[in-house]
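Asks: Below you will find the structure I want to go over with you.
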Amino acid sequence: MDSIERSIQASWQHRIIFSEAIFDPVNTVLRDTLATNRRGKAIVVVDESLVACCPSLPATISRYFALHDPPLELVCPPLVREGGEGAKSSWGNVAEIHRAIDMYHLDRHSYVIAVAGGALLDQVGLAAATAHRGVRHVRIPTTTLSQCDSGVGVKNGINAFGKKNFIGTFAPPFAVINDFRFLSSLPPREKRAGYSEAVKVAFIRDREFFEELERDAVALNGFIPNAMRHLIRRCAELHVQHIATSGDPFEFGSARPLDFGHWSAHKLEQLSNFHISHGQAVAIGIALDVTYSKKMEYLDAPSAERVLRLLEQVGFELFTPELMLTGAKQQLQVLSGIEEFREHLGGQLAVTLLRGIGEGFEVHELNLTRMVEAMRELQTRRAARRLNQLLAAV
């Protein structure tokens, strides 16, 4: 056998910028981020739900680019597109962005900018990564969840064949700009959605951060801005730190510590036809794996209770009827998420569990009997909690 082998290394600068009111003409963060030694073309894609809350946003974006031209050229008015998980199941939405990139003759030094929540960021990111084999992509996440988790990562994709993110790429964005001002327009459910990812990364990576979240639980449930900003900043930092230092930023291996609770969360989203939000599904997935860790005697009961109580204190339900849905053979449908997760990982199941707050570890098989017991415990916990709430209201 004759062969040639060489080690190829690539380096990326992953920038997460925090600001406010980035489309205010006096704020030069976006202009300075995009400024190069050549005049850069750009298209901007905006989430339609954001425009519904802020109808003047497309005009504001156009005015910003007009005032900063050169060096920035907005080639067309902002494109308003559907966000949300339901829109992630169509390649046609990605193709629309491809058509715009082609129509306006963007090249690999041009910019595709997405001002959106995580679902539309995924679609636009996939389009940018696959046009010309990669156009510069700038993410401007507009939800708590995308600012602290999905928007600061290096993955994008769409759902297909009934599976979450089946089609996608790894493509580090040119820059991520978190504008805290966008959070004020969110409904309570969306403001809360990112909290579950913060709780997750805290208890598998950073005990001190977990304790800070416990102290801030009341403020977070009340959506106090300073508490939310601290959560987002630290959660984003821990996610980027993992990407940069884990030695596996593009997930060639099977370990996925930041996917704690996600094997069931992704399945619950599908089983509910995405009526359960990703943040809520992750909270339930976390609660399930924490309870399972306790039942397997990996995690002590007081520590498990702290995690469950924190999730409840910041406003999450820890059980949903979809956990108990059965299929034709009376098997719980959510359990098929284990096999789908194994396929997603590349062949070997690798699930992160807990030994203690801030101390995650990996297992390669799950005891289904204990997992079902954990589900029933969460069901009982929810019923008891609702009863107590009713009694307290009398």
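Asks: Considering each of 174, 170 in turn, give the residue that is surrounded by fewer than 17 Cβ atoms within 10 Å (Cβ to Cβ) and aromatic (Phe, Trp, Tyr). Before you say what the answer is, go through the steps one by one.
Replies: Numbers: 174 fails: surrounded by fewer than 17 Cβ atoms within 10 Å (Cβ to Cβ).
The conditions single out 170.
Asks: Right, another one. When you look at residue 110, is it under 30 Å from residue 276 (Cα atoms), of a type outside the set (Asp, Glu) and modelled with pLDDT under 95, yes or no?
Replies: Spelling it out, it is not the case that residue 110 is under 30 Å from residue 276 (Cα atoms), of a type outside the set (Asp, Glu) and modelled with pLDDT under 95.
Asks: Also, quick follow-up: Name the residues in region 92-106 that are more than 17 Å from residue 173 (Cβ to Cβ) and touching a helix residue (DSSP H, G or I) at 6+ places or on another chain (Cβ under 9 Å), would you? Walk me through how you get there before you give the answer.
Replies: Taking region 92-106 and keeping what is more than 17 Å from residue 173 (Cβ to Cβ), we get 92-93, 95-96, 98-100, 102-105.
Scanning region 92-106 gives 93, 95, 96, 98, 100, 102.
Asks: Looking at this structure, is residue 82 within 18 Å of the chain's Cα centre (by Cα), surrounded by fewer than 19 Cβ atoms within 10 Å (Cβ to Cβ) and either touching a residue at least 40 places away in the same chain (Cβ under 8 Å) or within 30 Å of residue 270 (Cβ to Cβ) (or both)?
Replies: yes
Asks: Identify all residues within region 257-304 that are in contact with a Lys or Arg (Cβ under 7 Å, 6 or more places away or on another chain) and not in a helix (DSSP H, G or I); write none if there are none.
Replies: Within region 257-304, 260, 261, 277, 296, 298, 299 qualify.
Asks: Among 215, 181, which is surrounded by fewer than 19 Cβ atoms within 10 Å (Cβ to Cβ) and modelled with pLDDT of 95 or more? Steps first, please.
Replies: Details: 181 fails: modelled with pLDDT of 95 or more.
Of 215, 181, the one residue that is surrounded by fewer than 19 Cβ atoms within 10 Å (Cβ to Cβ) and modelled with pLDDT of 95 or more is 215.
Asks: Can you run down the residue pairs with Cβ atoms below 7 Å, 6 or more apart or on separate chains, where the first is in region 90-103 and over 10 Å from residue 124 (Cβ atoms) and among the aromatic types (Phe, Trp, Tyr) and the partner is surrounded by 15 or more Cβ atoms within 10 Å (Cβ to Cβ) and at pLDDT below 95?
Replies: Close Cβ pairs (under 7 Å, with a partner that is surrounded by 15 or more Cβ atoms within 10 Å (Cβ to Cβ) and at pLDDT below 95) amount to 91/158.
Asks: Next up: Scan region 337-345 and give yes if some residue there is loosely packed, with under 15 Cβ neighbours inside 10 Å, touching a helix residue (DSSP H, G or I) at 6+ places or on another chain (Cβ under 8 Å) and not aliphatic (A, V, I, L, M), otherwise no.
Replies: no
Asks: From the set of residues in region 119-145 that are of a type in the set (S, T, N, Q), under 20 Å from residue 42 (Cβ atoms) and touching a helix residue (DSSP H, G or I) at 6+ places or on another chain (Cβ under 7 Å), which is surrounded by the fewest Cβ atoms within 10 Å (Cβ to Cβ)? Break it down into steps so the answer makes sense when it comes.
Replies: The initial filter retains those residues of region 119-145 that are of a type in the set (S, T, N, Q), namely 123, 130, 142-144.
Imposing the further condition that a residue be under 20 Å from residue 42 (Cβ atoms) reduces the set to 123, 130, 142.
If we keep only those that are touching a helix residue (DSSP H, G or I) at 6+ places or on another chain (Cβ under 7 Å) as well, we get 123, 142.
Values: 123: 27, 142: 32.
That would be 123.
Asks: Inspect all residues belonging to region 4-18 and state whether any of them is closer than 25 Å to residue 105 by Cα, touching a Phe, Trp or Tyr at 6+ places or on another chain (Cβ under 8 Å) and not charged (D, E, K, R).
Replies: No, there is no match, as no residue in region 4-18 is closer than 25 Å to residue 105 by Cα, touching a Phe, Trp or Tyr at 6+ places or on another chain (Cβ under 8 Å) and not charged (D, E, K, R).
Asks: When residue 272 is evaluated against the numbered criteria (1) modelled with pLDDT of 85 or more; (2) under 14 Å from residue 341 (Cβ atoms); (3) of a type in the set (Gly, Ala, Ser); (4) over 13 Å from the mean Cα position of the chain (by Cα), which criterion, by number, is the only one it fails?
Replies: (2)
Asks: Right, another one. For region 215-234, name all the residues that are within 17 Å of the chain's Cα centre (by Cα) and over 19 Å from residue 184 (Cα atoms).
Replies: Correct list: 234 only.
Asks: Another question, if that's okay. Looking at (1) touching a residue at least 12 places away in the same chain (Cβ under 8 Å); (2) outside the structural domain of residue 44 (by TED's automatic domain parsing); (3) farther than 23 Å from residue 259 by Cβ, can you tell me which one residue 198 breaks?
Replies: (3)
Asks: What number of residues in region 244-266 are touching a helix residue (DSSP H, G or I) at 6+ places or on another chain (Cβ under 9 Å) and either at pLDDT below 90 or among the acidic types (Asp, Glu) (or both)?
Replies: Adding up the residues that qualify gives 15.
Asks: Can you confirm whether region 347-363 contains a residue that is of a type in the set (S, T, N, Q), crowded, with 17+ Cβ neighbours inside 10 Å and either touching a residue at least 40 places away in the same chain (Cβ under 8 Å) or part of a helix (DSSP H, G or I) (or both)?
Replies: yes
Asks: Here's a follow-up. In contact with an Asp or Glu (Cβ under 7 Å, 6 or more places away or on another chain), among the hydroxyl-bearing types (Ser, Thr, Tyr) and touching a residue at least 12 places away in the same chain (Cβ under 8 Å), is that true of residue 19?
Replies: yes
The values are calculated or read from the model by the stated rules, or taken from the named source; none is laboratory data. A quick note: this is a predicted structure, and the numbers were derived from the prediction, not measured. Ideal geometry is used to build each Cβ from the backbone, glycine not excepted, and the neighbour counts take in all protein chains shown.
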